[in-house]
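A quick write-up on the structure given underneath.
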Amino acid sequence: MTPLSYALLALIDLQPRSGYLLRKVFETTPLGNYSSSPGSIYPALKSLEKASLVRTDDTRSARGNRGRGLYHLTVAGETALHAWLAAPIGDLGEAMLRFAFLPENDRAAVLAFLDSFETAAEAQAVGLKSFLAGEGARLMSTKSRLAVEHGHRQLEASAEWARVAREQYCQKEEGENS
């Protein structure tokens, strides 16, 4: 499934919504980076429905006109969403999307995510550092090498973010519990 599909599942899990209301969330929040286009949101919703991950209710007005159906997660949709949220970090590109949708009150899930994110970022940073120290980097153009260095620094910064985020999250929790 795509990050857009998972974002839709997560939004529907938070609150059943119509396709129109889901599109509005994408248009008015940073989720727009994943798409606010009806040309991608509605087909993604249809795919989720076809895969039996969501269902719509058939709302009718007092006049009998069909209203906007609300999307709801099915049991299979909940299972898929929770498996995605709990999976170890592989692709750092969609990691922040997952982090944003982790349950607010699930301390273990938040800490597991931060640990996994830090580990993945550090491992990738080590790989790039190793590459930069090797013969391959010396054969690259200056611009290409600088691009790889940028990626290396971003990964180091991402690992540091995870350490700081864990510390801040734990401090906030301690303050709320005292």
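Please treat every number below as a calculation from the coordinates, not as lab data. Predicted, not measured: the structure shown is a model, and the values here were computed from it. Please note: Cβ atoms are built from the backbone with ideal geometry, for glycine as well, and neighbour counts cover all protein chains shown.
List the residues whose amide H sits under 5 Å from the amide H of Arg17, counting only those 5 or more places along or on another chain, with H placed 1.01 Å from N in the peptide plane.
Excluding prolines and chain starts, which carry no amide H, the hits are Tyr71.
Given Tyr71, His152, Phe101, which one lies farthest toward the positive end of the charge dipole of the chain, if we put +1 on the Cβ of every Lys and Arg and -1 on the Cβ of every Asp and Glu?
My answer, from the dipole projection, is Tyr71.
Placing unit charges on C-beta atoms (Lys and Arg positive, Asp and Glu negative, everything else neutral), compute the dipole magnitude of the chain about its Cα centre in debye, rounded to 20.
Details: 20 positive and 21 negative charges, 203 e Å.
Dipole about the Cα centre, nearest 20: 980 debye.
Which value, in debye to the nearest 20, describes the size of the charge dipole of segment 98-177 about its Cα centre when Lys and Arg Cβ atoms bear +1, Asp and Glu Cβ atoms bear -1, and nothing else is charged? Numbers along the way, then the final one.
On the way: 10 positive and 13 negative charges, 115 e Å.
The dipole magnitude comes to about 560 debye.
Could you list log10 I(q)/I(0) for segment 98-177 at q = 0.13, 0.17, 0.21, 0.23 Å⁻¹, which the Debye formula gives when each Cα is one point scatterer?
Debye output, listed in q order: -0.52, -0.71, -0.90, -1.00.
Return one number: the angle in degrees, 0 to 90 and rounded to the nearest 10, between the long axis of the Cα atoms of helix 38-50 and the longest principal axis of the Cα atoms of the chain.
In the chain, helix 38-50 runs at an angle near 80 degrees to the longest axis.
Using amide H atoms built in the peptide plane, which far-off residues or other-chain residues are under 5 Å from Val54 H to H?
Glu49, Thr74
Taking the chain as the region of interest, what is the percent of Cα-Cα pairs per 5 angstrom bin, listed from the shortest bin to the one with the maximum distance?
1, 8, 13, 14, 14, 13, 12, 10, 7, 4, 2, 1, 1, 0, 0
What distance in nm separates the simple spin-label points at Val164 and Lys46, each placed 7 Å from Cα in the Cβ direction?
4.5
Among Ser116, Tyr34, Gly90, pick out the residue whose Cα is farthest towards the positive end of the charge dipole of the chain, where Lys and Arg carry +1 and Asp and Glu carry -1 on C-beta, about the Cα centre.
Of the candidates, Tyr34 comes out farthest on the positive side.
Which of the GluC sites (Glu not before Pro) across segment 76-178 are loop residues per DSSP, with 15 or fewer other Cβ within 10 Å? Please report the intermediate quantities before stating the final value.
On the way: sites: Glu78, Glu94, Glu104, Glu118, Glu122, Glu135, Glu149, Glu156, Glu160, Glu167, Glu173, Glu174, Glu176; in loops: Glu104.
Passing both the DSSP loop test and the Cβ count: Glu104.
How far apart, in nanometres, would the label points at Glu135 and His82 be if each is projected 7 angstrom from Cα along the Cα-to-Cβ direction?
It is 5.2 nm.
What residue among Leu22, Val126, Pro3 has its Cα farthest toward the positive end of the dipole of the chain, where the charges are +1 on Lys, Arg and -1 on Asp, Glu, each on the Cβ?
Sorting the options by dipole projection puts first Leu22.
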